[in-house]
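The values are calculated or read from the model by the stated rules, or taken from the named source; none is laboratory data. Computed from a predicted structure; not experimentally measured. Here the Cβ positions follow ideal geometry from the backbone for every residue, glycine too, while neighbour counts run over all protein chains shown.
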Amino acid sequence: MFAPDQLKNFEPFSTAHLIVISIMILTILLIYMSRNELSRNKTAKQVIRWGIFTILVLSEASYQIWSFANDVWDPRWHLPLQLCSISSFAILFLLWKPSEARFQIVYFFALIPPFLAILTPDLLYGTPHYRFFQFFIHHITLVTAVFFYLIVEKYGLKRFAVPKAALSINLLALPISYLNKQIGANYMFLEGPPAAKTPLSWFGEGFWYILNLEIVMVVTFTLTYLPFPFIRKRKTDLKASR
């Protein structure tokens, strides 16, 4: 279960993978169905908030410990510089100091990348390997955190959230791309698609790969932002009708 050279048999959309996807969907539905009770129950909200915080810390820490303990830790692969790891730190900061202003960036960082990672994971290990469980628990927790703040805390996105998030990711990408070139890494998949078959495999190479990354990022961010102007308008209309 913990050996680095065992159970390298992950199959996309296998029974185990479909169960994981189902768990993510059911978790989101449970939050939605319990939203009214949770929004009124401060104790429950605190339990969920610090529970998410604890899971993310233990997940990242256990992964680093596992890598060192098995003598496979390598700066090219194990620094927490993939977008989902960066999302983890952003979520942890939001959990530590909740703020709708911070949510403007966290929403984009911690929703789409983990969601896509769950659907098309860059993962070698199948069940019952530690990495299988760690990977999916970590990413489902990120998605859960976003929906918790959306549905229960009723955080939303304001104008210019998309350009701010896109600019933030590009500013992060500059030093990470430099580091990638220095150590032969591929953090944030800036140097090319992962070895596993994912949608990034269709993005081409070199300049076209980066251009396609930028286009898809802006389009995806815009699409996930679109519901919020309608929500704001509905709230305004409801207030006006009272």
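The set of residues in the range 1-38 being in contact (Cβ under 8 Å) with a residue 40 or more places away in the chain, among the aliphatic types (A, V, I, L, M) and farther than 30 Å from Lys97 by Cβ consists of Met1, Ala3, Leu7, Ala16, Val20, Ile21. Of everything in the range 89-103, what is surrounded by fewer than 20 Cβ atoms within 10 Å (Cβ to Cβ) and either part of a helix (DSSP H, G or I) or touching a Ser or Thr at 6+ places or on another chain (Cβ under 9 Å) (or both)? Give them in sequence order. Correct list: Phe89, Leu92, Phe93, Trp96, Glu100, Ala101, Arg102.
Scan the range 58-69 for residues that are surrounded by 13 or more Cβ atoms within 10 Å (Cβ to Cβ) and either touching a residue at least 40 places away in the same chain (Cβ under 8 Å) or more than 25 Å from Leu190 (Cβ to Cβ) (or both) and jot them down. If you could, list the steps in order and put the result at the bottom.
In the first step, residues of the range 58-69 are kept if they are surrounded by 13 or more Cβ atoms within 10 Å (Cβ to Cβ); the result is 58-60, 62-64, 66-67.
Passing the criteria: Leu58, Ser59, Glu60, Ser62, Tyr63, Trp66.
Just one of (1) of a type in the set (Ser, Thr, Tyr); (2) under 30 Å from Asp74 (Cα atoms); (3) surrounded by fewer than 16 Cβ atoms within 10 Å (Cβ to Cβ) fails for Thr222. It is (2).
Take the conditions outside any loop (DSSP other than H, G, I, E, B), free of Cβ contacts under 8 Å to residues at least 12 places away in the same chain and not acidic (Asp, Glu) and apply them to Ser85. Does it pass?
Numbers: outside any loop (DSSP other than H, G, I, E, B): yes; free of Cβ contacts under 8 Å to residues at least 12 places away in the same chain: no; not acidic (Asp, Glu): yes.
Taking the combined requirement at face value, the residue does not satisfy it.
If the condition is being surrounded by 15 or more Cβ atoms within 10 Å (Cβ to Cβ) and either in a helix (DSSP H, G or I) or touching a residue at least 24 places away in the same chain (Cβ under 8 Å) (or both), then the range 196-211 contributes Thr198, Leu200, Tyr209, Ile210. Applying a threshold of 9 Å to beta carbon distances and a minimum spacing of six or more residues, or different chains, the list of pairs starting in the range 164-179 at a residue that is farther than 16 Å from Ser85 by Cα and without any contact (Cβ under 8 Å) to a residue 24 or more places away in the chain and ending at one that is in a helix (DSSP H, G or I) and among the small types (Gly, Ala, Ser) is empty. Look at Phe135 and say whether it is assigned to a helix (DSSP H, G or I), modelled with pLDDT of 90 or more, of a type outside the set (A, V, I, L, M) and under 24 Å from Ser34 (Cβ atoms). So Phe135 does not fit the description; no.
Which one of Thr222, Thr236, Thr127, Thr198 is more than 27 Å from Phe53 (Cα to Cα) and modelled with pLDDT of 90 or more? Reasoning before the result, please.
Details: Thr236 fails: modelled with pLDDT of 90 or more; Thr127 fails: more than 27 Å from Phe53 (Cα to Cα); Thr198 fails: modelled with pLDDT of 90 or more.
None of the other options fit; the residue is Thr222.
With respect to the conditions (1) within 21 Å of the chain's Cα centre (by Cα); (2) loosely packed, with under 11 Cβ neighbours inside 10 Å, Thr15 lacks only one, and its number is (1). In this structure, does Ala185 turn out to be of a type in the set (Gly, Ala, Ser), part of a helix (DSSP H, G or I) and either more than 18 Å from the chain's Cα centre (by Cα) or buried (at least 19 other Cβ atoms within 10 Å of the Cβ) (or both)? Spelling it out, it is not the case that Ala185 is of a type in the set (Gly, Ala, Ser), part of a helix (DSSP H, G or I) and either more than 18 Å from the chain's Cα centre (by Cα) or buried (at least 19 other Cβ atoms within 10 Å of the Cβ) (or both).
For the range 39-50, does any single residue satisfy the condition of being surrounded by 14 or more Cβ atoms within 10 Å (Cβ to Cβ), polar (S, T, N, Q) and without any contact (Cβ under 8 Å) to a residue 40 or more places away in the chain?
yes
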